Amino acid sequence: MTSLLHSQPKAGYCEPNNSSRVIQLQTNLDFINPFENEAVKPTESSKDSQRMMDEGVLMTWEDLWVTVPNGKNRKPILQGLTGYAKPGQLLAIMGPSGCGKTTLLDALAGRLGSNTKQTGKILINGHKQALAYGTSAYVTQDDAMLSTLTAREALYYSSLLQLPDSMSIEEKKDRADFTLREMGLQDAINTRVGGWTSKGLSGGQKRRLSICIEILTRPRLLFLDEPTSGLDSAASYYVMSRIASLNLRDGIQRTIVASIHQPSSEVFQLFHNLCLLSCGETVYFGPASSANEFFASNGFPCPTLYNPSDHFLRIINTDFEQDVEEGLGKGVNTEEAINVLVKSYLSSETHKQIQKEVEEISESDSGAIEKKRIHAAFFNQCFILIRRSSLHMYRDISNYWLRLAVYAAIALSLGTIFYDIGSSYGSIQARGSLLTFFISVLTFITLIGGFPPFLEEMKVFKRERLNGHYGVTAFLIGNTFSAVPYMLLISLIPGLIVYYLSGLHKGLEHFLYLIAVLFATVMSVESLMMVVGCIFPNFIMGMIIVGGIQGVMILIGGFYRLPNDLPKPFWRYPLYYISFHKYAFQGLFKNEFEGLTFGGDQYGGNKTISGRDILTNTWQMEMGHSKWADLAILLGMIVLYRLLFLAISKSKEKAKPMVAAFRCPQAKLFTTVTRGNEQN
């Protein structure tokens with residue numbers, strides 16, 4: 001391998017073709033391969049590998065298979081991959097779209113979906129273990145960030161969450177600013193991230209900001225999924241050169257694994273090792289500088305002054321039917337070219353040496369990675385998340401501010417329609433209709449206006465949680481307390497308008513109780529959204545499910561169908577008693593009718609009816625407890641829903657590795673026919 005490295009031209013360009021070096025495709029598929037003639041020595045000795053593991057993270061994978069459901073069968077996404085990623089080196093995973101680059105990254109980072117099956121061994125420093133939070137970082141293709149924060153604020157709050165309390169605030173600010181400058185974002189520090197409601201950072205700038213967030217803690221293992229997506233060639237080279245030189249700047253032997261679609265020749269020169277995939281199979285794994293000779297030795301030399309990555313991808317891209325003609329005696333289609341390369345690689349000394357080195361690393365004992373807490377303390381995280389969420393909510397006009405405007409308009413409409421409702425017999429039905437509609441419409445608008453912003457926060461939470469920035473409990477506390485002031489505001493103003501315009505039961509206690517029930521109801525809806533959003537993160541599905549649940553709760557809440565008229569199986573027991581609308585309606589009705597008397601009857605008589613009689617006989621309310629008990633139950637349901645969100649989130653985290661272990665036994669055998677077998 002050493003001799004090959006010294007004899008190779010630079011990886012960033014291809015040397016001129018020489019007809020004497022062109023290798024004709026033999027009919028018996030016997031390939032001339034320089035790797036067969038010269039044994040490839042390992043790039044690092046066992047002693048050096050041990051030193052690397054002591055200083056950094058050495059990751060190996062052996063015979064890695066990943067399959068997904070495909071009807072009654074399973075479709076392989078990755079097929080028997082073997083390789084390694086070493087400290088101080090940048091491994092680039094390349095291949096056409098759909099070849100399995102992101103799947104390989106997800107498998108190495110332990111982030112495969114629950115519907116996938118994985119077999120093979122993935123070892124970290126020779127041990128089978130989960131990646132410790134703070135040890136690794138993963139920059140995904142989805143740049144999930146809060147849209148209203150500026151680039152500086154997003155990175156500053158991330159530094160407060162991730163960096164330890166032993167660092168001062170000024171030190172954290174300095175590191176955040178330095179990291180922004182490193183990625184060339186000094187001119188965009190005061191630009192908001194932006195989203196669907198407002199324009200902000202460009203796609204390339206968001207990409208660089210995502211990288212900044214994950215390299216703040218200087219992790220020893222860094223995964224990057226398409227880090228140059230959305231960047232021009234100059235920005236791509238700048239970003240990748242910064243990533244590749246991280247080891248030199250901070251002195252950490254960092255292991256970097258990046259999937260990259262089509263790098264420029266300058267970016268290609270930055271790669272230490274190259275993993276080239278096609279249809280989930282390894283076409284080539286080894287030094288990036290030796291890839292040109294591997295392709296040339298198999299009859300696919302790179303044209304003069306041609307970007308090698310463009311050449312490799314054009315040869316192995318199966319999306320388009322084409323003949324690969326350069327250097328061959330006759331045209332060869334893409335499928336045949338891939339078969340040639342895969343078979344040549346599997347029989348090469350390079351493949352054998354990689355397997356040998358992987359086995360040596362696997363058998364070595366360097367100790368497992370210690371889980372060191374490098375982030376802020378729990379209570380500091382809660383406080384920081386409250387500050388960040390509060391700022392985001394204040395700036396996001398499409399969330400609470402827009403809801404406040406809609407609520408106020410609806411309240412004004414209701415107040416004028418039911419203006420000065422009076423205390424006649426007819427006002428009994430009017431008061432019930434007003435209160436019921438007011439609660440119902442507020443809950444539905446809370447769903448429509450609140451679910452999209454919540455899903456945005458959930459995306460940010462998922463990314464930050466997977467990278468170990470903070471835990472589920474801290475997120476729950478931050479989300480809850482940051483929303484309370486806005487919930488009070490959107491309960492107070494509409495409630496005030498309806499209360500005084502319609503002339504509801506006079507008295508400060510009655511007014512405050514109305515506001516308290518509105519607040520508890522809106523909070524209950526948001527708590528229910530958290531539970532459903534945790535289980536169904538899809539926007540459409542979540543809206544349908546929460547909307548359906550709310551519709552049923554309103555229907556059986558005791559107004560549209562009186563409690564005694566509800567069918568006892570299922571609808572009354574238990575649904576009627578677990579509907580938070582039941583307690584909202586009942587508490588407001590008690591607050592409104594108790595202490596009032598209503599004159600006349602439906603026939604115009606002069607007798608009066610007490611509010612308590614109306615509650616008992618007309619509305620069939622439960623009078624065995626006071627209205628404050630109904631409010632307490634509402635508040636208890638808020639706590640219950642949020643604890644349920646916490647339990648589901650934590651159980652999903654704990655269940656995922658157990659499900660993966662159950663679904664992915666190590667001894668699983670595959671009957672899929674590989675390309676090599678197809679040729680026999």
> Once you put a point 7 Å from the Cα of Ala647 and another 7 Å from the Cα of Ile549, both along the Cβ direction, what distance in nm separates them?
Replying inline: 1.3
> Once Lys and Arg get +1 and Asp and Glu get -1 on their Cβ, which of Leu402, Ile428, Ile384 lies farthest toward the positive end of the dipole of segment 384-462?
Replying inline: Ile384
>> Counting only protein heavy atoms and a 1.4 Å probe, tell me what percentage of segment 148-217's accessible area is made up of carbon and sulfur.
In response: 48
> Are there trypsin sites (Lys or Arg not before Pro) in segment 70-102 that DSSP puts in a loop and that have at most 11 other Cβ atoms within 10 Å, and which ones?
Replying inline: Lys72
> Per-residue accessible area for His375 at 1.4 Å probe radius, Å² rounded to 10?
Replying inline: 50
>> Modelling each spin label as a point 7 Å along the Cα-to-Cβ direction, I'd like the Ala377/Ile122 distance in nm, to one decimal.
In response: 3.5
>> Assuming 0.36 nm per residue, please report the length gained on full extension of the stretch Arg612 to Asn538 beyond their Cα-Cα distance.
In response: 22.1 nm
>> Quick check: residue separation of Arg395 and Ala629 times 0.36 nm, minus the Cα distance between them. What number comes out in nm?
In response: 80.6 nm
>> Suppose every Lys and Arg Cβ carries +1 and every Asp and Glu Cβ carries -1, with no other charges. What dipole size does segment 190-312 come out with about its Cα centre, to the nearest 20 debye?
In response: 680
> Would you list Val484, Val498 from the most to the least accessible area, probe 1.4 Å?
Replying inline: Val484, Val498
>> Past 29 Å, Cα to Cα: identify those pairs from Lys117/Lys356; Lys568/Lys652; Lys101/Lys356, in the order given.
In response: Lys568/Lys652
>> With a 1.4 Å probe and all protein chains kept in place, how do Arg175, Arg314 rank by accessible area, largest first?
In response: Arg314, Arg175
> Can you give the accessible area of Ile448, probe radius 1.4 Å, in Å² rounded to 10?
Replying inline: 110
> Can you give the FRET efficiency for Leu455 and Glu359, using 1/(1 + (r/R0)^6), R0 = 30 Å, r = Cβ-Cβ distance, to the nearest 0.05?
Replying inline: 0.10
>> Please compute the length gained on full extension between Asp420 and Arg111, using 0.36 nm multiplied by the number of residues separating them and subtracting their Cα-Cα distance.
In response: 105.2 nm
> Within the set Lys462/Lys582; Lys128/Lys654; Lys462/Lys654, which residue pairs have Cα atoms separated by over 24 Å?
Replying inline: Lys462/Lys582
> Carbon and sulfur: what percent of segment 378-653's accessible surface (1.4 Å probe)?
Replying inline: 70
> To the nearest 10 square angstrom, how much accessible area does Phe481 have with a 1.4 angstrom probe?
Replying inline: 120
>> Can you sort Trp571, Trp619 by solvent-accessible area, 1.4 Å probe, largest first?
In response: Trp571, Trp619
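The values are calculated or read from the model by the stated rules, or taken from the named source; none is laboratory data. The model shown is predicted, which means the values in this text are computed figures rather than measured ones. Methodologically, a virtual Cβ is constructed for each residue, glycine included, from the backbone with ideal geometry; neighbour enumeration extends over all protein chains shown. Ligands, DNA and RNA are excluded from the accessible area calculation, which covers all protein heavy atoms including side chains. Shrake-Rupley method; radii C 1.70, N 1.55, O 1.52, S 1.80 Å.
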